[in-house]
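The values are calculated or read from the model by the stated rules, or taken from the named source; none is laboratory data. What you see is a predicted model, and the numbers here were worked out from it, not measured in a lab. FYI the Cβ positions are ideal-geometry reconstructions off the backbone, even for glycines, and counts take in every protein chain you see.
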Amino acid sequence: MKKASIYGAVLLGALLLTSRSSYAQIKEKTAIVGEATMYPSKNIVENAINSKDHTTLIAAVKAAGLVETLSSAGLFTVFAPTNAAFEGLPGGTVDNLLKPENKKMLTDVLTYHVVAGYYTVQDIWALIAAGNGKAELKSVHGGKLIVWAKDKDLFLRDSKGNEAKITIGDVDQSNGVIHVVDRVMMPSFSS
């Protein structure tokens, strides 16, 4: 009888550990972006810095001096271009933007991808529905991003008519949410 109760206690303990582990995963809904786990308890920069798909974005955020801003309490919605999105820009664009003398232009490009507030994919769909097929989001830069849908996909359009698709949505952060996009959005630059 003692063997059975010891076995039962061990089995119960194993079930409790498994339940706690499952509960922790449910409580902190993680996502994989660029082969890295994104944790909702970490901020935008703490998570993005680990993504192999966002090394160019992080280098640009550092060069623009936006690490502190994107690490703050927020809330921010970030449309995060991948490395491939940056590679899709005309040759030399990224190198030119990363030059110290072009810090303002780089900051404009990066803040054009950030919207104040917390907008999930569901929120964006609701805005599009309310706008009869499209909606405008005002970026931190001050420019507008047009959001629209085609079939089951969400897209952004910048001030120059370029379009980006949201490839991964709703990557929760402690200070907002990230939506991965496949193209760099370009604001209109004032001279």
Conditions (1) in contact with an Asp or Glu (Cβ under 7 Å, 6 or more places away or on another chain); (2) at positive phi; number of the one not met by residue 74: (1)
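Just checking, how many residues over segment 16-66 are modelled with pLDDT under 85, aliphatic (A, V, I, L, M) and under 12 Å from the mean Cα position of the chain (by Cα)?
First, the residues of segment 16-66 that are modelled with pLDDT under 85: 16-39.
This time we only want the ones that are aliphatic (A, V, I, L, M), so: 16-17, 24, 26, 31-33, 36, 38.
In the following step, the residues that additionally are under 12 Å from the mean Cα position of the chain (by Cα) were identified as 31-33, 38.
Final tally of qualifying residues: 4.
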Pairs where the first residue, in segment 40-68, is farther than 16 Å from residue 177 by Cβ and the second is assigned to a loop (DSSP other than H, G, I, E, B), C-beta under 6 Å, 6+ apart: 52/34; 52/35; 53/34; 53/82; 58/49; 63/98
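Test residue 91 against the criterion of being of a type outside the set (S, T, N, Q), part of a loop (DSSP other than H, G, I, E, B) and touching a strand residue (DSSP E or B) at 6+ places or on another chain (Cβ under 6 Å), and give yes or no.
For residue 91, the condition - of a type outside the set (S, T, N, Q), part of a loop (DSSP other than H, G, I, E, B) and touching a strand residue (DSSP E or B) at 6+ places or on another chain (Cβ under 6 Å) - is not met.
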All positions within segment 130-163 that are surrounded by 12 or more Cβ atoms within 10 Å (Cβ to Cβ) and among the hydrophobic types (A, V, I, L, M, F, W, C): 135, 137, 140, 145, 146, 147, 148, 149, 154, 155, 156
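Being touching a helix residue (DSSP H, G or I) at 6+ places or on another chain (Cβ under 6 Å), surrounded by 10 or more Cβ atoms within 10 Å (Cβ to Cβ), modelled with pLDDT under 90 and under 21 Å from residue 177 (Cβ atoms) is the requirement here; does residue 74 meet it? Even if it seems obvious, please write down each step before you answer.
Working: touching a helix residue (DSSP H, G or I) at 6+ places or on another chain (Cβ under 6 Å): no; surrounded by 10 or more Cβ atoms within 10 Å (Cβ to Cβ): yes; modelled with pLDDT under 90: yes; under 21 Å from residue 177 (Cβ atoms): yes.
Considered against the rule, which asks whether it is touching a helix residue (DSSP H, G or I) at 6+ places or on another chain (Cβ under 6 Å), surrounded by 10 or more Cβ atoms within 10 Å (Cβ to Cβ), modelled with pLDDT under 90 and under 21 Å from residue 177 (Cβ atoms), residue 74 comes out as no.
Yes or no, residue by residue, for (1) in a helix (DSSP H, G or I); (2) touching a His at 6+ places or on another chain (Cβ under 7 Å); (3) modelled with pLDDT under 95:
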| position | (1), (2), (3) |
| --- | --- |
| 122 | yes, no, no |
| 127 | yes, no, no |
| 137 | no, no, no |
| 141 | no, no, yes |
| 146 | no, no, no |
Pairs with Cβ under 7 Å, 6+ apart, first in segment 144-159 and closer than 20 Å to residue 111 by Cβ and in contact (Cβ under 8 Å) with a residue 12 or more places away in the chain, second among the polar types (S, T, N, Q) and in a strand (DSSP E or B): 145/139
Tally, over segment 104-122, of residues that are more than 15 Å from the chain's Cα centre (by Cα) and either under 17 Å from residue 181 (Cβ atoms) or surrounded by 20 or more Cβ atoms within 10 Å (Cβ to Cβ) (or both): 4
